[in-house]
1. If you take each beta carbon of peptide B:183-190 and count the beta carbons of other chains within 10 angstrom, what is the mean?
2. Could you work out the Kirkwood radius for the protein assembly as shown, taking every pair of different alpha carbons, averaging 1/r and inverting it, reported in Å?
3. Just order B:44-55, B:209-220 by mean Cβ neighbour count inside 10 Å, highest at the front, would you?
4. Using only the Cα atoms of the stretch B:562-629, build the gyration tensor, take square roots of its eigenvalues as a ≥ b ≥ c, and label the shape rounded, prolate or oblate: rounded if a/c is under 1.5, else prolate if a/b is larger than b/c, else oblate.
5. I need the peptides B:323-330, B:599-606, B:553-560 ranked by packing, meaning the mean over residues of other C-beta atoms within 10 angstrom, with the highest value on top.
6. Assign unit charges at the C-beta atoms only (+1 for Lys and Arg, -1 for Asp and Glu), then state the dipole size of chain B relative to its Cα centre in Debye, rounded to the nearest 20.
7. Give the Kirkwood hydrodynamic radius (Å, one decimal) of the stretch B:279-340, defined as one over the mean of 1/r across all pairs of different Cα atoms.
8. Of the trypsin sites (Lys or Arg not before Pro) in the stretch B:4-41, which ones lie in a loop per DSSP and count no more than 14 other C-beta atoms within 10 Å?
Amino acid sequence: MARARDIEERAPLSTAAFQILLALADGDRHGYGVMQEIEQRTEGRVRLGPGTLYGALKRMLDDGWVEELEGDDGDERRRYYHLTATGRQIARQEAQRLAELVVAAQAKRLLSPARSS
Amino acid sequence: MSAWSDRIVGVFVHGYPAHLRGEYSSELRRVIRDLAGRAEYRGLSGRVRLCSFLLRDLLVTLARERTAVLPGRTVPPCRRARGHADPYGDAFLAALVVLALYVATLAPSVAFWDSGEYLTAAHTLGIPHQPGNPLFVMLAHAWEWLLAPLGISAAVRLNLFSAMMGAAAHFFWFLVVYRISGLFSSSPRVQRLSAALAVLLSATAFTVWNQSNVSEKVYSVSLFTVALVSWLVWRWRSSDGSLRWLILIAFVLALTSANHLLGVLVAPAVIVYVLLVNATVFLRGRLWAGALLAVALGLTPHFFLPLRAAQRPILNENDLACANVRDAALSIYTWGRTGCASLSDAFRRDQYQDPPITVDRTTWPQLAVPRGPRLFASQLANYAQYYNWQWARGLGGSDALTGGLRPLLTLLFALLGLLGARVHWRRDRAGATYMAVLFVTLALGLVVYLNFKYGYAMHRAAFPDPEMHEVRERDYFFLISFSVWGLWAGLGLVQLWQRFARALTNRVRNAQLAAAPVLAIALIPLGLNWEYASRADDYTARDWAYNVLMSVEPYGVLFTNGDNDTFPLWYLQEVENVRRDVTVLVTSYLNTPWYARQVRDLTRPCESGQQPDRAPTRLVCQRAFQAEAMPPALRQQAARAPEDSILPLSDAQIDEVVASPFVVAAPIKFKAAGLETTIPAGTEMLPADTFVATIVKSSLGERPIHFTTPAPVAHKLGLFDHTIRRGLTFKLRADRNDDPARFVKLPRSDWTEVTGVALDLSGSETLLTQVFRQQGRVLDLSKAWADQATTNILLQYTWLHLALAKAYGERGVQDKAQQHLREGEWWQRRAGE
């Protein structure tokens, strides 16, 4: 489990890093699957290139935020990525940080409060 | 995918930073292809947009990777590069666990086969059989000295040396597998698990285990150096090509040659690996200069052989003394091509007179028949038999060939190893090639090179002649291949676990935990090999040696036949100082001049001032009988120190005998003391036979002369009918008028060959009931007897009881006769007959 200090040192996360963590939060995906999920969720506003994606994934792997699973999809072999407990905690911390910023922005009337439907 | 896209993909992928490209080349290609397959990127304008997108990504990636900062970070992270931080602590812990396993199953004393020889060599700084193994002798001797303060026996200390080497090998295997598994998983937890399972499977492979809990051979040292070299090549690869690692490897390879050439067989794998990773390194002069110096230094332990031989150690096989250091150096640095003759012989292993690998060994040297496909197929099957022992030896254990359901588990571990090899290959072709070359060299390569006869237990019905079979099982030659396969099987098992976990991901909360029971497969060899691999509580060889030596009368000469009736006796004499007065003579060694000279000198009466006890590791003169050290029942034996050597021949006469084997043209009357016999015409008199005849002639009546059973040389010289069984030996009768109260003539039967023609009844009964020792697992019939090739030793007790039964039968003491028959049958059951 990541220590609080480690998490603080890593904040804030880049958009790419946070988006990747979000993409993996609800299931294991391969690289292209991560790209697709981000694109769909952001309706095309965030589109990661292959170098950005794998550069970030490599560091996340090194730091134990995600781990690799062996995929076997017929002849098409892909590496799947799984969010570790550390990665999940980092993502949660980042989301919390962003939520606090949103509250602050609302307090300064820079942002309207969200309405419940 | 169109050719246009392939080229574009290649260009873009090539543009990414090398470390990303190296690790994610196929993924980058796949993603770019996936993008190119999208509708929005089709057509000319789509392609332009795709190129634009990729170009931007490429530039951003290049800039970002150069600073090595995770997107969004303000401070570069302390990078824990995968596979680059060696977990020495974990590896040490793994090695400790392996050591604990080997200690728990450690041989408490000498074992059969070469154990007695190597324990003696290490304890006395002696020289064992070719190639002499100087590195083993020196290291084991130093280790024994280091552990001396612990107060444990010399045999245990020396057996611990082998255990320590086996454990140390697994320290490096752990580090190697940790690095390999870093290619599959970024999780240090998974990497540690992979390394731990690989080490467990390697360490508990039957032969690896069984050779690491005794100093019976020198191969645990070879295993250690192979694992060390494997770790060094991985270090070299991750060191950006530093030459020092390769030079260090050259040094270790030279060093391990002074233990045994088995360790050098890692070299082909190293060469192939270096060629694959960076072939140009071989063009660097500094590498060759450094390696040359390293090899020169690494070969220096070989100088131990001539230097120690010149000091006339008590164990001095082949007498490797050289006239001067220059000749010795020439032999060492030309690997026996020139220089000192005896030392060069050792390098070339001339003693074994091996046939070329193209010749059938089963008929060699009588015939030079080409090695046919049938024999080669049998040799491969022999390897398969040993492979089948590695993972579940105890399953159907009494069946050495197949073993009931054992092949099913063998198949499981074969498949796990293949799975490990497959994933290794997919992630790291150079590394996987290294492991594959290592395995093939030490499995198939050795099968081809060693060119064995039929396996000890194989084709017995088709080829009943024992000469066509190996005298023992030879699995130990292949132990490194089993170890390597265990590593791959460990990797394969982790892969299997992860695949199960993936399959369970959407069904259970913690899929990895749910799939974890599959990892228990790694415990199968530990559980099913334990009984057969363990040497704990096994005193059989020591007790056998003690019982044989005690069967010999003071200052007796004992002719022995081979390893198991010789080496344990050497151990007992030279390491435990038991019955050094007995001259143990390996009959076959008497075909060599060096042994005949040593025998002559060892039995010379001591001159004034000579005290062999002051130099117990050196050959000085006849050693004294110590009545006070004998068991009470034998303390009153008459003992008169001999006045002559048993072989009153000069060096020139010895050389002449060795050079002059002959065939008896006409029957020879052979007389010695009160004994007279005839050597029939046509008898082939080898040098050993002539020396035995000379020793009998010069010593009978002066010294007791004994033979271990069976006694082929006694038959050959017509002496067998003049022997009388005393305990576990046959004693040559110097006088036909032996005390009739002790002497019982046994009725002739099919068993005469093993029981003897006569028995020293009271002497044998005294030995059996008041002197002989039996302890440990041999007495427990529920414990497996792993080595079928040593059951003939157990049968010696059967033959002794049978002789006693016959003798009591002759005397009309039926209850005693029945009792000995029952005890003889018990030993027969113990031997699995």
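1. What the average comes to for B:183-190 is 5.
2. Evaluated on the protein assembly as shown, it is 32.3 Å.
3. Working: B:44-55: 14.0, B:209-220: 27.5.
Ranked from most to least packed, the peptides come out as B:209-220, B:44-55.
4. oblate
5. For the peptides B:323-330, B:599-606, B:553-560, the packing ranking is B:553-560, B:599-606, B:323-330.
6. For chain B, the charge dipole is close to 4520 debye.
7. 13.2
8. Working: sites: B:7, B:21, B:29, B:30, B:33, B:38; in loops: B:38.
Answer in residue order: B:38.
Any read-out appearing in this document is the output of simple, stated calculations on the displayed coordinates, not a laboratory observation. These numbers were taken from a predicted model, which means no experiment stands behind them. Every residue, glycine as well, gets a Cβ built from its backbone with ideal geometry; the counts of neighbours run over all protein chains shown.
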